[in-house]
Amino acid sequence: LATDRIVVIGGVACGPKAAARARRLSPETEISIVDRGPYISFAGCGLPYYVGGTVKQLEELWTTKFAIPRDSKYFKDVKNIDVRTLTEAISINRDEKTVKLRNLANGEESDLEYGQLVLATGASPASPPIVGLGLERVFHLHSPSEAAAIRELIEADEIDHAVVIGAGSIGIESVESFFAHAVDVTVIERMEQIMPGLLDPDMATCLTWEMRKNDIEILTSEKVIRLESTEDGKVSKVITDKREIETDMVLLAAGVRPNVALAKDAGLEIGETGAIAVNECMQTSDKSIFAGGDCVECNHRLTGNKIYAPLGSTANKHGRIIGSNLAGESEQFPGVLGTSILKSLGINIAKTGLTAAECARDNIDYIETLTPSEDCAHYYPGGKRFLIKLIADRSSQKLLGAQLLGPGDVSKRIDVIASMMTFGATLKDISDLDLSYSPPFSTAVDALAQAANHTRNRIKGTAQAVTGEYLKEKTETSEDFVILDVRQPEEFKKSRIENDRVLNIALTELRAAVKDTFQDKEIIIICKTGLRSYEACRTLRESGLLNVKYLEGGLIMWEYLKA
Ligand SMILES: Cc1cc2nc3c(=O)[nH]c(=O)nc-3n(C[C@H](O)[C@H](O)[C@H](O)COP(=O)(O)OP(=O)(O)OC[C@H]3O[C@@H](n4cnc5c(N)ncnc54)[C@H](O)[C@@H]3O)c2cc1C
């Protein structure tokens, strides 16, 4: 080799991680990081929280826990890594093993030799074909300077209303940032539901309901066509295929695209997802060039399919593996489950594995169940609710995916499921897990075990459920059937399904009432969560009434249908 220098292109998450790991394992090697931006090693994931004001100072996103800025000087002094900001890599010469750099401050170009090269070029926000994206006050939320500009405008009282285009993770997180400043928000999503990549339609409906409860306007199946401005060039109107919306700013959150131009021009293989193809050791089609983070595609651990799942958690793992391999090791990256979590307006939203929609697309014989849960014992104050959707293979009963949503603590549950799925767990494995319990932290039968047991009952046929949509459609027909509400009369008085077919017999009275009350009519039993109605279902079946089902997710799901 002319040089054994390691050159890293991209200095946010994957790049610095790879460089720092390589430095720890190879003290002698020369290491350079170049980034075309002014900031390096910043927490992009913290940007919405800076806009919302939870993070007070922008600098906190790139300082260490001990308040030292992670800038070029820090990398030189602490890690002996040369960092060049405002420096763009414009081409790679694989024969010569050089990268052509352009200094963005003065336009000068130079060549930098490498022994091994790392592409950590990340992703850029997508810009759909909307006229007027160049207007003032149309933002992405991808860099610290964009976050600073948005917050400055809000703090200057210039923004009463914002339109968020795109209801993916960044769009939905940003709703909370605007809400925190009492800015009214309209979210426009071109798909039929919000969070289409993360949630199935039923869970998306629940989230839509929670957002609308906070007066967030959610418009789905609607396409933005054009942005218009006032005379001063500031965006003032969003024109969709259905309406015109007056606004003071627009946040474009329509997803991200991997930055692959450098790799493509250098003749490196691009995968089927459009991101850079890498092997398990994170090498590109050129063994001396590694790539990781948002610019590469990953293996899905369940299906083995290639997917594009750009996340900071993954970028950091890639960085560490690349760093080790730069130093001569051969660590492998096994892939991802697509686990992610976010919060908006006090609602925590988490997902891992496959959605039901993905299972259907792949012709998997799956079951999906909804289980409303609480994150601590019902008698312990402060407990919060959440909803678990479990997806499992019907014959092997292996877990395929989960979605959790609500104000309660979903984070530990999603991580337990992701861990278990990594090792091929079945529903029974979840039921049997030795999870911690004390009233402030969970329920004696943990929410996950309840959800797994519920799903197993459904597979076995001991629990026969209907969905909210099914019941809703049925109530709109002239069919003769009974909706049996088994809650206590006091609960029934407070809220109920308004329908002539509804009958209230509390679970506590049901056994005694069974014989006299029902003939051969179909009965759909309801309660608040589905738990008492499942029990009631068993009681009626025991007494010979077989045409009995219960509303899965109970009145909680019914209420969500009003979204
Ligand atoms: C608002 C927001 C919230 C997020 N929240 C979360 C979250 O909660 N959880 C989570 O896991 N992930 C989250 N993410 C995603 C996470 O930030 C990214 O996955 C992560 O930053 C990817 O790191 P990376 O190093 O691969 O790429 P990037 O962070 O995109 O960095 C790539 C760098 O390479 C530079 N570059 C590109 N091309 C060149 C070139 N030719 N020459 C020089 N430099 C170049 C770019 O300027 C950029 O600085 C969030 C992202 C955003 C924007």
What is the residue count in segment 428-463 for residues that are touching a residue at least 12 places away in the same chain (Cβ under 8 Å), surrounded by fewer than 17 Cβ atoms within 10 Å (Cβ to Cβ) and not in a helix (DSSP H, G or I)? 7
Please state which one of N279, N259, N214 is under 30 Å from A291 (Cβ atoms), surrounded by fewer than 17 Cβ atoms within 10 Å (Cβ to Cβ) and at pLDDT 95 or above. N279
Do we have any residue at all in segment 84-102 that's within 12 Å of the ligand (Cβ to nearest atom) and either under 30 Å from A182 (Cβ atoms) or in contact with a Cys (Cβ under 8 Å, 6 or more places away or on another chain) (or both)? no
Within segment 466-479, can one find any residue that is under 18 Å from L555 (Cα atoms), touching a residue at least 40 places away in the same chain (Cβ under 8 Å) and of a type in the set (K, R)? yes
Among the residues of segment 41-61, which ones are out of contact with any Ser or Thr (no Cβ under 6 Å at 6 or more places or on another chain) and either within 20 Å of A19 (Cβ to Cβ) or touching a residue at least 60 places away in the same chain (Cβ under 8 Å) (or both)? S41, F42, A43, G44, C45, L47, Y49, Y50, G53, T54, L58, L61
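Just give me the residues in segment 6-47 being in a loop (DSSP other than H, G, I, E, B) and aliphatic (A, V, I, L, M), in sequence order.
Scanning segment 6-47 gives V12, A13, I40, A43.
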When Y74 is evaluated against the numbered criteria (1) of a type outside the set (G, A, S); (2) buried (at least 20 other Cβ atoms within 10 Å of the Cβ); (3) away from the ligand (no atom under 16 Å from the Cβ), which criterion, by number, is the only one it fails? (2)
Name the residue that is farthest from I188 (Cα to Cα), counting only residues in segment 263-286 that are assigned to a helix (DSSP H, G or I) and in contact (Cβ under 8 Å) with a residue 12 or more places away in the chain. D265
Which condition number in (1) closer than 24 Å to E469 by Cα; (2) under 16 Å from the mean Cα position of the chain (by Cα) is the one that E176 fails? (1)
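Would you check which residues across segment 462-476 are among the hydroxyl-bearing types (S, T, Y) and closer than 9 Å to I524 by Cβ and list them?
Result: Y470, single match.
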Can you tell which of K56, K76 is of a type in the set (K, R) and closer than 20 Å to H142 by Cα? K56
Mind checking whether some residue in segment 32-52 is among the charged types (D, E, K, R) and more than 9 Å from the ligand (Cβ to nearest atom)? no
Tally, over segment 464-483, of residues that are under 29 Å from the mean Cα position of the chain (by Cα) and part of a loop (DSSP other than H, G, I, E, B): 1
Assuming T3 fulfils every condition listed in (1) outside any loop (DSSP other than H, G, I, E, B); (2) more than 14 Å from the ligand (Cβ to nearest atom); (3) surrounded by 14 or more Cβ atoms within 10 Å (Cβ to Cβ); (4) in contact (Cβ under 8 Å) with a residue 40 or more places away in the chain apart from one, which condition is it? (1)
Can you pull out every residue in segment 79-127 that is part of a loop (DSSP other than H, G, I, E, B) and either among the aromatic types (F, W, Y) or under 35 Å from the mean Cα position of the chain (by Cα) (or both)? I81, T85, L86, L104, Y114, A120, T121, G122, A126, S127
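Scan segment 217-238 and give yes if some residue there is under 24 Å from the mean Cα position of the chain (by Cα) and under 25 Å from G53 (Cα atoms), otherwise no.
yes
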From E192, E176, grab the single residue that is more than 16 Å from the ligand (Cβ to nearest atom) and among the acidic types (D, E). E192
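Which of the following residues is aliphatic (A, V, I, L, M) and closer than 24 Å to H318 by Cα: A89, A67? Explain how you work it out, then say what you get.
Numbers: A67 fails: closer than 24 Å to H318 by Cα.
Residue meeting the stated conditions: A89.
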Quick one: in segment 139-155, of everything that is closer than 30 Å to D241 by Cβ and over 24 Å from the mean Cα position of the chain (by Cα), which residue is nearest to the ligand (Cβ to nearest atom)? A149
Residue count, segment 380-397 (criterion: surrounded by fewer than 17 Cβ atoms within 10 Å (Cβ to Cβ) and in a strand (DSSP E or B)): 1
Looking at segment 298-320 only, could you name the residues that are within 15 Å of the ligand (Cβ to nearest atom), without any contact (Cβ under 8 Å) to a residue 60 or more places away in the chain and surrounded by fewer than 23 Cβ atoms within 10 Å (Cβ to Cβ)? I307, Y308, A309, L311, S313, K317
Quick one: which of I165, I130 is within 22 Å of the chain's Cα centre (by Cα), of a type outside the set (K, R) and away from the ligand (no atom under 13 Å from the Cβ)? I165
Picking from T339, T369, T355, T422, the residue that is within 23 Å of L302 (Cα to Cα), within 16 Å of the ligand (Cβ to nearest atom) and of a type in the set (V, I, T) would be T339
Regarding segment 60-68, can at least one residue be identified that is near the ligand (Cβ under 9 Å from one of its atoms), modelled with pLDDT of 95 or more and of a type in the set (A, V, I, L, M)? no
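The values are calculated or read from the model by the stated rules, or taken from the named source; none is laboratory data. Quick caveat, the model's predicted, so the values are computed rather than measured. Please note: Cβ atoms are built from the backbone with ideal geometry, for glycine as well, and neighbour counts cover all protein chains shown.
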